[in-house]
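Engineer: First the structure, which I've put down as structure tokens, then a few questions once you've had a look.
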Amino acid sequence: MSHTPPTSPQPTIIEKVFDFVDERVGLKLLAAKMLNEPVPGGSRWAYVFGSVLLFIFIMQAVTGVLLMFYYVPTADHAYASTQYILHDVDYGWFLLSYHFWGSTAMVVCVFAHMSQVFLWGAYKKPRELIWLVGLALFGIVMGFGFTGYLLPWDQRAYWATTVGVEIMDKTPLVGDFMARFLKGGATPGQMTLSRFFVIHVMVLPAALMGLAGLHLFLFRSAGPAGPFRGTPEELKVKTDYFFPRQIWKDIVGMAVVFACICALAFWEPVVLLEEATPDPGDYHPEPEWYFLFLFQLLRLKMFSGEFGQFLGAMAVPGAFMALLAALPFIDRDPERNIFKRPIALIGWVVVMAAILIFTVSAIINREFLD
Amino acid sequence: MQPKLKSRVRCEDQDIGVLTKVIVDPLSHELSHLVVSVNGAGERQVPMGTVQNVTDDLVQLRLSSSEVMALPPFKRDDYVTTHEVEIPHLEDHLHVTSGEVLVPIPDLEKNVKRRTFFASLTHVVGLFIGLPLAFPVLKYLMKPMYSPFDNNWLKIGNVGKIKADDAGTQFKFKRKIKEAYLPEAEIEKNVWILKATPAVLEKVYQGKDMEFRDATGKTIWTNKKDIPYVAFSGKCPHLGCGFKWRQHKVLGQVFLCPCHLSIYDASGKVLDGPAPRPLDPLPIQVSASGEVQIIDMEFKAGTKSQTRIV
């Protein structure tokens, strides 16, 4: 490459090693390909969520592996080993709390990432497949939350799983099989814990890595969508490469998320309830906050009875996910400007408002239970 | 037609040099400039807009040679090659190379027949490896899913504990479970026992004895309609949480499930909330001394009819 600066006549040992590897692997070209990707219309803070999600996942993997050094996935030791991590192992409380709040951060950022792609109209042709794989990744993130929740084997864990699996049981035709398959029996027990553990630490991470790789590959194949406004000339003037401006914004985003997770882990560390038993005692079962709106939805009178429950627990969420999956194929108008897509904008606002209202009413409902 | 490298470049008045490089716009993927090596006088960057015509080996410009010479010299350092930057599908738009780059096909690969057959055969062999595994793997994972019901009577306490008629009293008990190869373990469970007045008893049994049958249809036990003690499974028939006996502002003393707020009266009838069926009565025996025994059963939640799962 003619524009690379000439190397000094006496290369240092590090340069020699680098050149040795570069000659065989093509490191310089690889780095150039990774970093020199034109970002149409220039870097933006709005684009950080994908990279931030990758960062959160890596940190979840690291803290997860560390937790497994002490955690034992058996019904008679899971609770005690988790308490041991929290109370006896040096910094165990921090790693476990980081892992817990990291999962919350994951859900928040998935939400932000999907909203951004939706509002920017970036799911449209030629990026339909990126959107579809993204939806699958969303499902995997939810699966991580659901399976991980059981592992501490406290009352919260046990009841969230009991209700969650009962909901799955309502799937037409295969529901009973799926629920028994997940539980490894008729009721939650050791087999359930074993299954959730394997799914959480082996199956889902493998699936996520594969699909995230595919997601990135598809993203690179189609190229970034860029802003939804501006003439080609305006975009060209503002265009820069992925490195350094976008990477700078990404790393700042990661640092902010890291600081937030650490702060939450520090001020709100994980506290377990009583060990899991099929007798809830005084505990009022409730799912994690990001599932609260669904939980509240199922309290509604319109979703009562066997059919109502099928509507609320399966049909409505299923139809919503199906709509999201079909979105790029229904919405074929190339217009990407959200202010010229009134149905999309109103739809997004309505969904967000509904989630907010249901979540808040679930929180208000707590007071009337004691 | 896109210009070819090494083409001659001609101005309005004379030939001026050779096309050495092309410059592409990274967003539109269109050619934006040509770089012309002027005979013996460096390189000039010429906008595509000044190109009048492109033929097989000649680029005709709308400029005069002096106008081209007046353009600023081409600055190589302002550009990178397309190999060093990630621009998807760029090659689909560019045909600037002067010809194809070819490698010979190995002799053994020439005239191979049945390529499609071999490709399909690969998939068939793959299926032969995968298919025989599917069933064993499924059965392997299904092993603990279905187990026979346990119909033994469990002692859970004495009715002396019950303070009032038609009021739910929780009886906690321990139950032994044996999972797979694991040593026998004890889990805590609970049922709600009611000492019912005849009116409530009538609502529970509706004038008929209640029979409990096993999978083959054989009767295990019959709850007589005039025995005043009723036991309800501790599992809410909505989605399986544990319900409580609580004071309700409007409805008085009720069974309330804190999960999705299903409310049942003392007879187990749904008063409010999403539950699809009343509470599940269990087989119960009370001895002369007041000792309560039950058969622990659980039913699938969320269905109108009862389906026993434990």
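Engineer: Could the peptides A:71-82, A:18-29, A:147-158 be put in order, highest first, of the mean number of other beta-carbon atoms found within 10 Å of their residues?
Structural biologist: Numbers: A:71-82: 18.4, A:18-29: 12.1, A:147-158: 23.5.
Answer by packing, highest mean first, reads A:147-158, A:71-82, A:18-29.
Engineer: I would also like to ask the following. Whole-Hz ³J(HN,Hα) for each residue in the stretch A:37-49, computed from phi via Karplus 6.51 cos²θ - 1.76 cosθ + 1.60 with θ = phi - 60°, x for glycine and proline: what do you get?
Structural biologist: 9, x, 9, x, x, x, 5, 8, 5, 5, 8, 7, 5
Engineer: Could you line up B:GLU100, B:GLU291 from fewest to most neighbouring Cβ atoms inside 10 Å?
Structural biologist: Details: B:GLU100 5, B:GLU291 14.
By the 10 Å Cβ count, ascending, the order reads B:GLU100, B:GLU291.
Engineer: Please label the shape of chain A as rounded, prolate or oblate, based on the square roots a ≥ b ≥ c of the eigenvalues of the alpha-carbon gyration tensor (a/c under 1.5 means rounded; beyond that, a/b larger than b/c means prolate, else oblate). Don't skip to the answer; put the middle values down first.
Structural biologist: Numbers: a/c = 2.20, a/b = 1.37, b/c = 1.60.
The shape class here is oblate.
Engineer: Given +1 on the Cβ of Lys and Arg, -1 on the Cβ of Asp and Glu, and no further charges, what dipole in debye does the protein assembly as shown carry about its Cα centre, rounded to the nearest 20?
Structural biologist: Values: 66 positive and 66 negative charges, 339 e Å.
So the dipole magnitude of the protein assembly as shown works out to roughly 1620 debye.
Engineer: Kirkwood Rh, Cα Rg: Rg to Rh for the stretch B:8-93? Provide the component values of the computation, followed by the final result.
Structural biologist: Details: Rg = 13.4 Å, Rh = 13.6 Å.
My calculation of the ratio gives 0.98.
Engineer: Also, I was wondering about something else. So for each of A:210-217, B:22-29 I average, over its residues, the number of other beta carbons within 10 Å; can you give me the resulting order with the highest mean first? Please report the intermediate quantities before stating the final value.
Structural biologist: Working: A:210-217: 15.1, B:22-29: 16.6.
Packing proxy ranking, top to bottom: B:22-29, A:210-217.
Engineer: Here's another thing I want to ask about it. Sort by residue number and report every cysteine in chain B with no other cysteine beta carbon within a distance under 4.7 Å.
Structural biologist: B:CYS11
Engineer: Right, something else. When a/c is below 1.5 the answer is rounded, else prolate if a/b is larger than b/c, else oblate, so apply that to the protein assembly as shown with a ≥ b ≥ c taken from the square roots of the Cα gyration tensor eigenvalues.
Structural biologist: Details: a/c = 2.75, a/b = 2.57, b/c = 1.07.
In terms of gyration-tensor shape, prolate.
Engineer: Also, quick follow-up: Run the quick spin-label model on B:ILE129 and B:LYS155: label points 7 Å from Cα toward the beta carbon, then report their separation in nm to one decimal.
Structural biologist: 6.1
Engineer: Report the Stokes-Einstein translational diffusion coefficient (µm² s⁻¹, integer) for chain B, Rh taken as the Kirkwood radius over Cα pairs, at 10 °C with viscosity 1.306 mPa s.
Structural biologist: Working: Rh = 28.4 Å.
It diffuses with D of about 56 µm²/s by this estimate.
Engineer: Could you grab the relative contact order for the stretch B:153-295? Cα pairs under 8 Å, six or more apart, rounded to a whole percent. Don't skip to the answer; put the middle values down first.
Structural biologist: Numbers: 286 pairs, mean separation 34.5, N = 143.
Averaging sequence separation for qualifying contacts and normalising by length gives 24 percent for the stretch B:153-295.
Engineer: Sticking with this structure for a sec: How many Cβ atoms of partner chains, on average, are near each residue of B:80-88 if near means within 10 Å of its Cβ?
Structural biologist: Working: counts 5, 4, 0, 4, 10, 7, 11, 5, 8.
Neighbouring Cβ atoms belonging to other protein chains average 6 per residue here.
Engineer: Could I ask something else about it? Pop the C-beta distance of A:THR231 and A:HIS87 into the FRET formula with R0 = 51 Å and round what comes out to the nearest 0.05.
Structural biologist: In this case the efficiency is close to 0.25.
Engineer: A further question follows. List every residue whose amide H lies under 5 Å from the amide H of B:LEU271, counting only residues 5 or more places away in sequence or on a different chain, with H placed 1.01 Å from N in the peptide plane.
Structural biologist: Correct list: B:ILE263, B:TYR264, B:ASP265.
Engineer: Place a +1 charge on the Cβ of each Lys and Arg in chain A and a -1 charge on the Cβ of each Asp and Glu, then give the dipole magnitude about the Cα centre in debye, rounded to the nearest 20.
Structural biologist: Values: 26 positive and 30 negative charges, 340 e Å.
That gives chain A a dipole magnitude of about 1640 debye.
Engineer: Would you tell me the mean number of C-beta atoms belonging to other protein chains that fall within 10 Å of each C-beta in B:230-243, as a whole number?
Structural biologist: Details: counts 0, 0, 0, 0, 3, 4, 4, 0, 7, 14, 12, 9, 12, 1.
Going residue by residue through B:230-243 and averaging, the value is 5.
Engineer: Tabulate in residue order the Karplus-calculated ³J(HN,Hα) for the stretch B:35-52, using 6.51 cos²θ - 1.76 cosθ + 1.60 with θ = phi - 60°, rounded to whole Hz; enter x for Gly and Pro.
Structural biologist: 3J(HN,Hα) across the stretch B:35-52, in whole Hz: 10, 10, 8, 6, 3, x, 9, x, 10, 10, 9, 10, x, 4, x, 8, 7, 8.
Engineer: Taking amide H atoms as placed 1.01 Å from N in the peptide plane, list the residues 5 or more away in sequence, or in a different chain, whose amide H sits under 5 Å from that of A:LEU273.
Structural biologist: A:GLN155, A:ARG156
Engineer: Listed highest first by mean packing, meaning other Cβ atoms within 10 Å per residue, what order do A:103-116, B:133-146 come in? Before the final figure, lay out each step's value.
Structural biologist: Numbers: A:103-116: 18.6, B:133-146: 11.4.
Going by the mean number of other Cβ atoms within 10 Å, highest first, we get A:103-116, B:133-146.
Engineer: Here's another thing I want to ask about it. Go through the stretch B:74-86 residue by residue and turn each phi into a ³J(HN,Hα) via Karplus (6.51, -1.76, 1.60, θ = phi - 60°); whole Hz please, and just put x for glycine and proline.
Structural biologist: 5, 9, 4, 5, 7, 10, 10, 6, 5, 6, 9, 9, 9
Engineer: Take peptide A:173-184, look around each residue's Cβ out to 10 angstrom, count Cβ atoms belonging to other protein chains, and average those counts.
Structural biologist: On the way: counts 0, 0, 2, 4, 2, 0, 3, 5, 5, 1, 3, 7.
Mean partner shielding for this stretch: 3.
Engineer: Students often forget the sequence filter, so: which aspartates and glutamates lie under 20 Å Cα-Cα from B:LYS269 once same-chain residues fewer than 8 apart are removed?
Structural biologist: Here the aspartates and glutamates satisfying the reach criterion relative to B:LYS269 are A:GLU306, B:ASP165, B:ASP166, B:GLU202, B:ASP209, B:GLU211, B:ASP226, B:ASP280, B:GLU298.
Engineer: Put +1 on the Cβ of each Lys and Arg and -1 on the Cβ of each Asp and Glu in the stretch A:43-280; which of A:LEU53, A:MET202, A:GLY189 then has its Cα farthest toward the positive end of the dipole?
Structural biologist: Sorting the options by dipole projection puts first A:LEU53.
Bear in mind these aren't lab numbers, they're just calculated from the coordinates by the rules spelled out. Just so it is clear, the structure is predicted and the values come from calculations on it, not from any experiment. Every residue, glycine as well, gets a Cβ built from its backbone with ideal geometry; the counts of neighbours run over all protein chains shown.
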